[in-house]
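The values are calculated or read from the model by the stated rules, or taken from the named source; none is laboratory data. In this text, all values refer to a predicted model and were calculated from it rather than measured experimentally. Note that we place each Cβ from the backbone using ideal geometry, even for glycine, and neighbour counts take in every protein chain shown. Note: areas computed on protein heavy atoms with side chains; ligands, DNA, RNA excluded. Shrake-Rupley method; radii C 1.70, N 1.55, O 1.52, S 1.80 Å.
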Amino acid sequence: MTDSSPPILRINALTKTFDDFTALHGINLNVRDGEFLAIVGPSGSGKTTLIRILVGMDEPSDGAVWLRGTRIDVVPANKRPTCMVFQSLALFPHRSVGQNIEFPLKLRGVAPAERKARALELLDTLRLPRDYYSKRIQQCSGGEKQRVALARALAFDPEILFFDEPLSALDYRLRKTLEKELKDLHRRTGKTFIYITHSLEEAMVMSDRIAIMKAGRFEQIAPAEEIYARPVSKFVAEFMGEVNFFDLVKGAAPGVALSAAASAALAGQTGTLTIRPESLRKLTAEGVADLSFEGIVTAEYLLGSRIQYRMTLATGQEMIVEVLRENAVEGGIGAALRVGCDLSAAHLIAEAADAAA
Amino acid sequence: MQQRERRLGLLYAAPLSLFLLLTFLAPILLVAGFSTMPEKVFSLTQMPDFSAYRTVLEQGYWKSVAWSLFMALLATLILLVICWPLAYGMAKVFKRFTLVLTIGVVMTLFVSENIRLFGWVLTLMKGGLIEGYWRYWTGQGFDAPLYNGPIIVFGLVYVYLPFMLFPLAQGISMVPDDARQAAYDLGASRWQILKEIDLPLAMPGIMVGSLLTFVLAAGAMAESKLLGGRAIITIADEVQTAFTYGQNWPLGSALAMVLIAIIGTVAIWAISKADLDAMMGRKS
Ligand SMILES: Nc1ncnc2c1ncn2[C@@H]1O[C@H](COP(=O)(O)OP(=O)(O)OP(=O)(O)O)[C@@H](O)[C@H]1O
Ligand SMILES: [Mg+2]
């Protein structure tokens, strides 16, 4: 990236093998100081394995991790200046809210009065009432427990705060609220957050950069818009939402009518053209576009202010089109539809780049 | 609805309550009754007479009580220390081996305590398994480590190990792994994890195990008779003697009542101190 300051966290060729199964294949990653990085990937892609190694609960099979230039993969978890918020939260059931928050301070031998003052401060930061200090953990709601876990992690004052899907057990509304609060908290504390999630939506709302993980490797690490517009592989393109793929072989793509300019631009190239359903627009019979497609509508779905159509092209390929409601196709299912887009809206994944996928 | 549930609850509890009344409370009342009778007289119409208790105080029986309680306490503490790592392994580490260990320990219970203690006597006595072979090979004999105080405590530890081990393992298995990991991640050392997480969260198991072993060991006599050769006479032994050779039932009953009172107080105090629900974080 353009930032030239040294990374706070540097991961180099990190590998983790369980018996005969390799969960991480030589991961490389630089994380900037104060960044909010989201790691997204399907179940079993190695997200938890990676984070457990980074906080020190597991040992890597190979590779190294540096934090501000100090090698930390050899340091036990209780000596690392990092801290993790568990999916289960892992609050201490036999301690009150206040005692939970103070726990890391108590371990360091901070005086009780000072501890309490700091815990109350953190209750304020997390927008929990101060009288929660003496409440039992069991008396807190899911969202409140979440905040207590966060407060406890902040009391530790880590260099990097890790999260392993902390919101996945909560209901939708609460999750939305806490997403915003987390983002806000990140801004206020200026700490580096590394956040694992299944939900791309969550990642897009909160993070500065998203790392897409697949089968123990990072497929792409970039800001959300860039990943969305310029995915490096079909896997990433599909992960980021619905998309149409067209094979391009030496400048020719069956099912796609190319304008002269587009033909010239794509001449000789081979790969996969990716086109997002919402970047397509309806064309009249004589309308022109760099890329155009013709077919018969086979299904329509109302999506609030938009309508999504599925259409079958002459080649037999299915295609997804999304248009504003006012541009609805007359006749609906069974009608002929002609759509198109500019060349700039179609992203080409070159052959080699997708070979691994 | 709630009223009905309460009535159903009482109904369900009735058979067990009745059973306990008959088998637990009734004998105690009977013993209490006997303890207030004068010596060598048996009459139900007798006025209560506390001469048996005076005998208990005057004839130095408190020494047996003190020894029994002290050795029981010592055995309980030793068992706590020995069983903790073992129970930890059973609950968290051993996996399949836990079953083997469980079966092994439970199997010892199939053989009567007296027979197992005799086994130890045969092993340890002069001319026994160890000393006999040692003398045979080296020509040098040594005194048997039997018939003293420490060997009685050893016997108590040996006999009551299962009663500490299993509750402890149960207690430790209730400590959530993620709490321990979170504490470690937040900077806790091994000792701090033990003190702040493991001990408090396993406390129900610790309490149950300690109470069981303490109560059982305080009322034990086989260890002192067989291994200890009566080097120390336990209170249970005195009670038995009073009932059998002594033919002094009121004295035996009074001694039993004293023991019951002391142990009952300890048990009730421990249980009330240790609010099991609160310790397990269940109270809301
Ligand atoms: N201790 C282990 N022994 C063997 N295999 C393991 C172990 N831990 C994880 N794995 C394997 O490593 C792979 C990655 O697991 P990991 O928990 O990191 O996935 P994840 O990306 O966090 O998935 P999820 O989103 O479901 O939490 C999985 O295939 C898992 O089966
Ligand atoms: Mg996971």
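Quick notes on this one:
- Of the criteria (1) without any contact (Cβ under 8 Å) to a residue 60 or more places away in the chain; (2) more than 9 Å from chain B (Cβ to nearest Cβ); (3) within 22 Å of A:Thr192 (Cβ to Cβ), which one A:Asn78 fails: (2)
- Residues in region B:112-125 that are open to solvent by 40 Å² or more (accessible area, probe 1.4 Å) and farther than 17 Å from B:Ala231 by Cα: B:Ser112, B:Glu113, B:Asn114, B:Ile115, B:Leu122.
- Residue within region A:108-125 that is open to solvent by 30 Å² or more (accessible area, probe 1.4 Å) and within 16 Å of ligand 2 (Cβ to nearest atom) present: no
- Selection count where residues are away from ligand 1 (no atom under 16 Å from the Cβ) and open to solvent by 10 Å² or more (accessible area, probe 1.4 Å), scope region A:186-219: 11
- Helices (runs of 4 or more DSSP H) (entirely within region B:1-104) containing at least 2 residues that are open to solvent by 100 Å² or more (accessible area, probe 1.4 Å) and modelled with pLDDT of 90 or more: B:2-20, B:61-88
- Qualifying residue in region A:140-162 (condition: within 16 Å of ligand 1 (Cβ to nearest atom) and within 30 Å of A:Gly26 (Cβ to Cβ)): yes
- Scanning region A:228-270 for residues that are under 17 Å from A:Gln317 (Cα atoms) and either open to solvent by less than 40 Å² (accessible area, probe 1.4 Å) or polar (S, T, N, Q) (or both) yields a total of 8.
- Residues (more than 24 Å from the chain's Cα centre (by Cα) and open to solvent by 90 Å² or more (accessible area, probe 1.4 Å)) located in region B:126-162: B:Lys126, B:Leu129, B:Tyr133, B:Trp134, B:Arg135, B:Tyr136, B:Trp137, B:Gln140, B:Asp143
- Test: residue in region A:139-156 that is assigned to a loop (DSSP other than H, G, I, E, B) and either within 24 Å of A:His94 (Cα to Cα) or open to solvent by 60 Å² or more (accessible area, probe 1.4 Å) (or both): yes
- Checking A:Leu167 against (1) away from chain B (no Cβ under 14 Å); (2) more than 16 Å from ligand 1 (Cβ to nearest atom); (3) hydrophobic (A, V, I, L, M, F, W, C), the condition it does not meet: (2)
- Taking residues in region A:124-139 that are within 14 Å of another protein chain (Cβ to nearest Cβ), and partners anywhere that are at pLDDT 90 or above and in a loop (DSSP other than H, G, I, E, B), the pairs with Cβ atoms closer than 6 Å and at least 6 places apart or on different chains are A:Ile137/A:Leu91; A:Ile137/A:Pro93.
Here is a yes/no grid of residues against (1) within 16 Å of ligand 1 (Cβ to nearest atom); (2) within 14 Å of chain B (Cβ to nearest Cβ); (3) part of a strand (DSSP E or B); (4) open to solvent by less than 40 Å² (accessible area, probe 1.4 Å):
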residue	(1), (2), (3), (4)
A:Gly26	yes, no, yes, yes
A:Leu29	yes, no, yes, yes
A:Asp33	no, no, no, no
A:Leu37	yes, no, yes, yes
A:Pro42	yes, no, no, no
A:Ile51	yes, yes, no, yes
A:Cys83	no, yes, yes, yes
A:Ala90	yes, yes, no, yes
A:Phe103	no, yes, no, yes
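- Residue in region A:165-172 that is in a helix (DSSP H, G or I) and open to solvent by 10 Å² or more (accessible area, probe 1.4 Å) present: yes
- Enumeration of residues in region B:163-215 that are within 18 Å of A:Leu89 (Cβ to Cβ), open to solvent by less than 20 Å² (accessible area, probe 1.4 Å) and more than 9 Å from chain A (Cβ to nearest Cβ): B:Val175
- Flag if A:Pro60 is in a loop (DSSP other than H, G, I, E, B), surrounded by fewer than 19 Cβ atoms within 10 Å (Cβ to Cβ) and not small (Gly, Ala, Ser): no
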